[in-house]
Structures are given as C-alpha cells and as structure tokens.
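A.B. asks: This is the structure I have questions about; it appears just below.
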Amino acid sequence: MATYDAERVGVAPWLLSGPALLVFVALLLAPLLLTAVLSLNLFSDTEGVMPAYSLGNYVEVFKDDYFHEIFLRTGGMALAVTLLCVLLGIPETIIIARMAPRWRSLFLLVVLGPLLISVVVRTLGWAILLGNNGLINDALQALGIIEQPVKMLFTQVGVIIALTHVLVPFMVIAVWATLQRLDLQVEWAGLSLGASRLTVFRRIILPQIMPGVLSGSIIVFALAASAFATPAIIGGRRLKVVATAAYDEFLGTLNWPLGAAIAMLLLLANLIIILGCSKLAERRFKQVFE
Amino acid sequence: MHKNGIFSLLFHALFVTFIVAPLVVVMAMAFTSKGYLSLPTEGLSLRWFRALADNHEMLDAFALSIKLGLASATIAAVLAIPAALAISRYDFPGRGAVTGFLLSPLMIPSVVLGIAFLRFFSLAQIGGSFWALTLTHVIVVLPYALRLTLASTIGLERDIEQAALSLGASRWTAFYRVVLPRIRTGVVGGWMLAFIQSFDELTMTVFVATPGTTTLPVAMYNQISQTIDPLITAVSTVLIVGTLLLMLILDRMVGLDRVLIGEGK
C-alpha cells in the first residue's frame, strides 16, 4: 500500500502540471534558447544573419560608447525612479494605513487601480501634461512663474516623472504588505517612553517595513530598467533606453543578432538584480520575515 | 497608529492629484468640440466618440484585443488549475523549480519575450496568426492566473473530496462538484486579472503583431508615436471607464486588494 501511494504521488503532480510545463518548454524555453543562439550569430548589411558563432555582438555592446550611454542612462533613470517611488510611496502607504477603514479601501483603490489601466493610456496622459503647450506649462505661464515653456516632453525628467507614476503602485503594494504585520503597540510604546515622532519612525517603523521597501525597490527598479512604452512615447526617438534600442535593432536596422545580444544582457541584468537582491534582502531580514 | 496630521493630509492630496491627473486630463480632452487637442472650454461635445464609432481600424483592434484576452485568459486558467493543484497538494522533487518556471515570465522583461517570440515565429514560420499571438499571451498571463489560483488551492482541506471519492464519485465528478466550487473565487479572479493583463499588453505584442493582428494597445501606440489627436483620448476614455467597471466587479467578487496585493493579506 505504501509503495502504491508513493508511486501515485510520484506521477500525479507531473500529470497535473504537465500541460502547462509542455506549453512553457515549447513556447518560452525554446524561444529564449533560440534567441541566445541568435545573439552569437553575425550580421552583415548585405548577407543578413550569418550562421557563424562568436561573441562579437557582446564585444560590440561592451566597447561602443553609444551602448555605454544607453545602458548608463537606463540604469540612472531606473535608479531615480526607484528613489522617487521610495520617497513618495512610503509616506503615502503609511498615511493610507492610518485612515478610517472606509477611506482606506477607497484610496487604496485610487492608488492601485491605475495598475489595471493600460500603460499606453497613462503615458498618453503625461505626454499631454508635459508638452510645450501642455497643461503644466500653460498653468505655470498663466501664473507668471515662467515666461517661456519649460521643455519636459522628450527629456529624461519627463520620462522619470511618467515612469514614477506608472510604477509607484508597486511600491505601495510592497510596503502595504509589511505594514499589515506591523505591531501597532510598539509605536505607542516608543511615544509614551518619550521618543519623538521622527525617532519613532526612524527607529521603530522604518526597520520593520524595510523588507517591503527593499522588495518594492527591486520590483520598481527591474520594471523601470526594462520599460518600453513610457520611454518610447515620452522620451521620443533620440532619448533611447535599452528596451527601445533593442526594438530599433530588431525592427529598424534589422540587425537581429545585435538586438538579441542587447536583449540577453537586459535579461541577465534583470535576473541578477531580482534574484541577487532578493537573496540579500532575505538573509538580512530573516528575523523580520519569520 | 496615530491620526494623520495636516501635513500628511496635504501630502496625500498632492499624491492623489499626481496619480489621478493624467487620467482625468485624458478623459477631459476627449469631450472637446475642436479638431485638435484641447480642454472642452467651449462646451462638451461627443464628436470624437462618434468619430471613434466610425473608425474601423480602432474598432477592429478593439475586437481583436477582446477575443485575444478571452482566449488567452481561458487557456491560461485551464492550464493553471491542475498546475496549482499539483503544486499545493504534492510535495514532489522539483516542486520549487516547477513553480519558479511557471512564474518566470514575471521576471523576464517584456522586450526580451517579444524578441524571443519573434525569433521563434520567424524560424517556425507560424507568425501572424491569431492563435500564434494567443499562445504568446498565454505565456505572459499564466503567472497571474496561477498566483491567484494557488492562493485558493493552498490550505484547501481534502476531506470532502475524499468523502466524495469513497462514496463512489469519479475523480472528475469529485473535482467538478467538490474542488472547483471551493476554489472558484481564485480561479475567476485569476482569469479576470489574466484577461486584463492580456488586454493591456503592449511591449511584447509590438514585436509579434502583424498588420492583420494589431491589438488595441499596439494600434494606440502606433497612432501616438505619429500624432496625438482627440480621437486617441476618446479611445482612452472608453478604456478607463471600462477598466473602472471591471475593477468594481473584481472588487465585489474577490476583493481588489486580494487581487493586487496577493496572499499577503
């Protein structure tokens, strides 16, 4: 009987997850491997993709200043977006958590709801707001704060603002999840023992929500670094990031092997950040997680 | 926790303005009576919604996106249910790897997925069809369906199912009549989230969409990269209102916080 049971457990989970696994092997693993192989191929303007194998495309990405600039710009913008999401997301989540239940669920909906609305729509809103004849410039000019319109569309600042808007809900979600486990008594204890509000925040609340802040930062950074639609629309053609550069190689200049190499590097960087930082955060905050 | 002070509420007001402003602006501009992008200062007009009703390109793209969302969310849900049961019920070697593999599209940049699918389709020469596009969307949305389904299958007691089996119900009957009703909220919530993700997907689809399979986000993106006119704000308004309605349904049925924040609650 025991062997019969063991045998059943042995096959059943594979039968149940088999269909999904088959689809994933055929349509996710295979395409990714083919792209990895493609990134090793060479390309010439006359012959197209050539079935030779070398690391030439990677060498080109590492050597060329053009790609250095793109990778640095992408990393810098992702860092700025992450920082803004931390600075805006933490206070807002705490404020929402302090509200009466009725308001709390309403504003949680207002803040998180945009996640379900298409990125194209949200970015369109910022394109309209940030333009030279956009609402922000019009308002600032009407108020007499500026005389000439400030260029915001097609600038890094514009992309950072719009990406922060798109991604800040992820920070709120992550902080909210840890805030739910926060022991409210400790805050009162700190206050009643004479600590200032700032000290209570810095020494009591912040350390406890730190795991959430970290995991939120990882998600925001990874998504900002690989964002496509927002940099493409707000940044325009000139202000390239890694994702739009890969797109251009694929559908513009048709240098597929080079585009594939950029994609592989983006994937690798993404996995290192997500898996590496999660491991680090997990180890450091083991006590808090358990 | 203590109450919010005046500065907190001020910060909150600014934050909410920041979140809502771009959406409100888009919706306001859709009601302009002018031929160019402007706020409807001289009275509201529905002319751009009428123009939208006559725009076959956008309507076709809209219909395609709905079909694509329905098909890919359904396939993803059907694949996710048995997979979730396997992961939550059996402690088998490779369980962690299976879970990680099926959730991995969440960690892969959409651009990379788009490039991989494009390469795959060009080698296999099956690009450009509706079902090829559907399969790519299944990969992208399955993690969402799986996560919510898992949330309802984990911790599900097996006693009633075993009672049904011992009373002579077939495995299928036991699943259909006992297990499925009890994991329904997770499955339906996962299906809806998968539908929304498919419907909104742009970055991956931009690579594999062909003139015959242009989804709504791709059509909108192509339009916006050329020029922003009031027509596109009218499309966006329809999308915002539609998403709000879906959101309310989702909130009533599963609880939006559960869908968005996950099992943490």
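A.B. asks: Just counting partner chain Cβ atoms within 10 Å, what average do the residues of peptide B:236-244 show around their Cβ?
C.D. replies: 4
A.B. asks: Follow-up question, since we're still on this one. Spelling out what I want: for every residue of region A:37-52, take phi, set θ = phi - 60°, compute 6.51 cos²θ - 1.76 cosθ + 1.60 (Karplus), and round to whole Hz; glycine and proline get x.
C.D. replies: 5, 4, 5, 8, 6, 10, 9, 10, 4, 8, 9, x, 6, 10, x, 9
A.B. asks: In nm², what is the average projected area of the convex hull enclosing the Cα atoms of chain B?
C.D. replies: Values: hull surface 80.3 nm².
Mean projected area of the Cα convex hull: 20.1 nm².
A.B. asks: Going by Cα centres, region A:191-213 and region B:2-39 are how many Å apart?
C.D. replies: Here the two parts' Cα centres lie 32 Å apart.
A.B. asks: Shifting gears a bit: Can you give me the angle between helix B:216-226 and the longest principal axis of chain B, using Cα atoms only, in degrees from 0 to 90, rounded to the nearest 10?
C.D. replies: Between the helix axis and the principal axis of chain B, the angle is about 30 degrees.
A.B. asks: Treating each Cα of region B:103-255 as an identical point scatterer and ignoring solvent, apply the Debye formula and state log10 I(q)/I(0) at q = 0.20 Å⁻¹.
C.D. replies: Taking Cα atoms of region B:103-255 as identical point scatterers yields -1.21.
A.B. asks: Per residue of B:81-87, count partner chain C-beta atoms within 10 Å of its C-beta, then hand back the mean as an integer.
C.D. replies: 5
A.B. asks: Can you pull the Rg over Rh of region B:30-80, Cα-only, Kirkwood?
C.D. replies: Looking at region B:30-80, the ratio lands at 1.28.
A.B. asks: Quick one: go through region A:239-256 and flag any residue whose amide nitrogen is under 20 Å from the point 7 Å out along the Cα-to-Cβ line of A:S54.
C.D. replies: Only A:254-256 pass the distance filter.
A.B. asks: Quick one: 3J(HN,Hα) in Hz for region A:201-217, Karplus 6.51/-1.76/1.60 with θ = phi - 60°, rounded, Gly and Pro as x.
C.D. replies: Values, residue by residue: 5, 6, 9, 10, 6, 4, x, 6, 8, 4, x, x, 4, 5, 5, x, 5 Hz.
A.B. asks: Residue farthest toward the positive end of the dipole of chain B, with Cβ of Lys/Arg at +1 and Asp/Glu at -1: which of B:L256, B:L14, B:Y221?
C.D. replies: Toward the positive end, the furthest listed residue is B:L256.
A.B. asks: Ok, one more. List every residue whose amide H lies under 5 Å from the amide H of A:L153, counting only residues 5 or more places away in sequence or on a different chain, with H placed 1.01 Å from N in the peptide plane.
C.D. replies: Answer set, sorted by chain and number: A:N132.
A.B. asks: Then there is this: Can you order the peptides B:48-54, B:158-164 by their average number of other Cβ atoms within 10 Å per residue, highest first?
C.D. replies: Working: B:48-54: 15.0, B:158-164: 13.3.
Result, highest mean Cβ count within 10 Å first: B:48-54, B:158-164.
A.B. asks: In addition: Would you please give the FRET efficiency between A:V150 and B:S38, computed as 1/(1 + (r/R0)^6) with r the Cβ-Cβ distance and R0 = 30 Å, to the nearest 0.05?
C.D. replies: 0.90
A.B. asks: Measure of size requested: the Rg and Dmax of the protein assembly as shown, with Cα atoms as the atom set and Å as the unit; please supply both.
C.D. replies: 24.8, 86
A.B. asks: Could I ask something else about it? For region A:50-127, just the Cα atoms, rotate onto the principal axes and tell me the three extents in Å, largest first.
C.D. replies: Largest to smallest, the principal-axis extents are 64, 26, 24 Å.
A.B. asks: Still on this structure: B:M253 to A:E69: FRET efficiency via 1/(1 + (r/R0)^6), r the Cβ-Cβ distance, R0 60 Å, to the nearest 0.05?
C.D. replies: Details: r = 48 Å, r/R0 = 0.80.
So the FRET efficiency works out to roughly 0.80.
A.B. asks: In µm²/s, what is D for chain A at 37 °C and 0.692 mPa s, where D = kT/(6 pi eta Rh) by Stokes-Einstein and Rh is the Kirkwood radius from Cα pairs?
C.D. replies: Reported coefficient: 145 µm²/s.
A.B. asks: What longest region of chain A stays clear of trypsin sites (Lys or Arg not before Pro) that DSSP places outside H, G, I, E and B and that have at most 15 other Cβ atoms within 10 Å? Could the numbers behind the result be given before it?
C.D. replies: On the way: sites that count: A:K151, A:R181, A:R237, A:R238.
The longest such stretch corresponds to A:1-150.
A.B. asks: Here is a follow-up. Check the straight Cα-Cα distances from A:K151 and name the aspartates and glutamates below 15 Å, setting aside those fewer than 8 residues away within the same chain.
C.D. replies: A:D138
A.B. asks: With Cβ to Cβ distances under 15 Å as the rule, what net charge do the other residues near A:V200 carry (K, R +1; D, E -1)?
C.D. replies: Here the count lands on +3.
A.B. asks: Now for a different question. Place a +1 charge on the Cβ of each Lys and Arg in region B:158-265 and a -1 charge on the Cβ of each Asp and Glu, then give the dipole magnitude about the Cα centre in debye, rounded to the nearest 20.
C.D. replies: 520 debye
A.B. asks: GNM on chain A, C-alpha springs below 10 Å: top fluctuator among A:I145, A:I94, A:I272?
C.D. replies: A:I145
A.B. asks: Along the three principal axes, how long is region A:95-232 when you take its alpha carbons, biggest first, rounded to the nearest angstrom?
C.D. replies: For region A:95-232, the Cα extents along the three principal axes come out at 54, 35, 29 Å.
A.B. asks: Then there is this: With every atom except the alpha carbons ignored, what do you get for Rg and Dmax of region B:1-150, in angstroms?
C.D. replies: 22.8, 68
A.B. asks: To test your reading of the geometry: what angle, between 0 and 90 degrees and rounded to tens, separates the Cα axis of helix B:230-253 from the longest principal axis of chain B?
C.D. replies: In chain B, helix B:230-253 runs at an angle near 30 degrees to the longest axis.
A.B. asks: Let me ask another. Which value in nm describes the separation of the simple spin-label points at A:T253 and B:I66, placed 7 Å from the Cα toward the beta carbon?
C.D. replies: Placing both labels 7 Å beyond Cα along the Cβ direction yields 4.3 nm.
A.B. asks: Whose amide H sits under 5 Å from the amide H of A:L42, counting only residues 5 or more places off or on another chain, with H placed in the peptide plane?
C.D. replies: When sequence neighbours closer than 5 places are left aside, the close amide H contacts are A:M50, A:A52.
A.B. asks: Take the Cα coordinates of region A:165-290, assign each an equal point scatterer, and use the Debye formula without solvent to give log10 I(q)/I(0) at q = 0.13 Å⁻¹.
C.D. replies: Scattering profile of region A:165-290, log10 relative to I(0): -0.69.
A.B. asks: Can you tell me the equivalent ellipsoid semi-axes for region A:1-110? Use √(5λ) from the Cα gyration tensor, largest first, whole Å.
C.D. replies: Semi-axes from the Cα gyration tensor: 41, 38, 12 Å.
A.B. asks: Now for a separate question. Relative contact order for chain B: what percent, with Cα pairs under 8 Å and sequence separation of 6 or more?
C.D. replies: With pairs under 8 Å counted, the relative contact order is 29 percent.
A.B. asks: Now, a different point. Averaged over A:102-113, how many beta carbons belonging to a partner chain fall within 10 Å of each residue's beta carbon?
C.D. replies: Across the residues of A:102-113, the mean count of other-chain Cβ atoms within 10 Å is 4.
A.B. asks: Can you run the Rg to Rh ratio on region B:110-199? Use alpha carbon positions and the Kirkwood inverse-distance Rh.
C.D. replies: 1.17
A.B. asks: Give the lysines reachable from A:K279 as a straight Cα distance under 30 Å; neighbours fewer than 8 places away on the same chain don't count.
C.D. replies: Answer for A:K279, where 30 Å is the Cα cut-off: B:K265, listed by chain and number.
Just so you know, all these numbers are worked out from the coordinates, no wet-lab data involved. Worth saying up front: this structure is predicted, and the values here are computed from it rather than measured. Note: ideal-geometry Cβ built from the backbone for every residue, glycine included; neighbour counts use all protein chains shown.
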